[in-house]
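Have a look at the structure below, then the notes.
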Amino acid sequence: MEKEMPTHPHGNMRRKEREITDRKEIDEIIHLGKVMHLALSDNNLPFLVPVFYTYNGTFIYFHSAKAGTKIDIMKKNNNVCFEISIDHGIIESEVACDFEAKHRTVIGFGKAEFVENDDEKIAALDSIVAQFTDKKFEYPKGNLNATAVIRINILSIKGKKHGI
């Protein structure tokens, strides 16, 4: 299952003035976001899916049913790319092709690993749920067993901002 990361992650940013190099600002964007876009590849065919996630400062976690396209792909190829973007808006112009997107964005590459430890799964699920409600939940063993929690080991990460 383990495959080497491609050699291209994070080439040089063309617009250096837009690059975020401060890891604290990158972490802030990850913490403030609610939806992560997860990119996978199956036999050179891209697959992109939005997921709710959480970040503990080291790993990104998300959850899923134990069956489905993204699970099937990650079992064959655990290389992932993820994107989180906040502060969206439009920067208008008098010239049609000069409109730009206002945003702060993080893009990273990593390895997806299926979490098997129930304590780690519950901690990740609690953290994801806490972003949306103050309610506390129990996870019956059957539900916990039917839920996949995936940990992304971040290998490379960059940030970019514009109009902020």
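Taking the condition of being free of Cβ contacts under 8 Å to residues at least 60 places away in the same chain and closer than 15 Å to Lys34 by Cβ, how many residues in region 116-129 meet it?
1
State whether one or more residues within region 105-117 are polar (S, T, N, Q), in a strand (DSSP E or B) and farther than 19 Å from Asn77 by Cα.
Checking region 105-117: at least one residue is polar (S, T, N, Q), in a strand (DSSP E or B) and farther than 19 Å from Asn77 by Cα.
Kindly indicate whether Glu113 is among the acidic types (Asp, Glu) and farther than 24 Å from Leu32 by Cβ.
Yes; evaluated as a whole, the condition is true for this residue.
Quick one: count up the residues across region 131-157 that are over 22 Å from Val106 (Cα atoms) and loosely packed, with under 14 Cβ neighbours inside 10 Å.
12
Does Lys135 qualify as being among the basic types (Lys, Arg) and assigned to a strand (DSSP E or B)?
no
Scan region 76-88 and give yes if some residue there is within 23 Å of Asn145 (Cβ to Cβ) and in a helix (DSSP H, G or I), otherwise no.
Scanning region 76-88, I find at least one residue that is within 23 Å of Asn145 (Cβ to Cβ) and in a helix (DSSP H, G or I), so the answer is yes.
Going by the conditions given, is Thr147 of a type in the set (Ser, Thr, Tyr) and at pLDDT 95 or above?
Yes.
Take Ala124 and decide whether it is in contact with a strand residue (DSSP E or B) (Cβ under 9 Å, 6 or more places away or on another chain), at pLDDT below 95, closer than 26 Å to Arg23 by Cβ and not in a loop (DSSP other than H, G, I, E, B).
In short, no.
Show the residue pairs meeting these rules: Cβ distance below 6 Å; 6+ apart or different chains; first residue within region 44-55 and in contact (Cβ under 8 Å) with a residue 40 or more places away in the chain; second residue hydroxyl-bearing (Ser, Thr, Tyr).
Within 6 Å, the pairs are Thr54/Tyr61; Thr54/Ser127.
The values are calculated or read from the model by the stated rules, or taken from the named source; none is laboratory data. Everything numeric here is computed off the predicted structure, so don't read it as measured data. Virtual Cβ from ideal backbone geometry, glycine too; neighbours counted across all protein chains shown.
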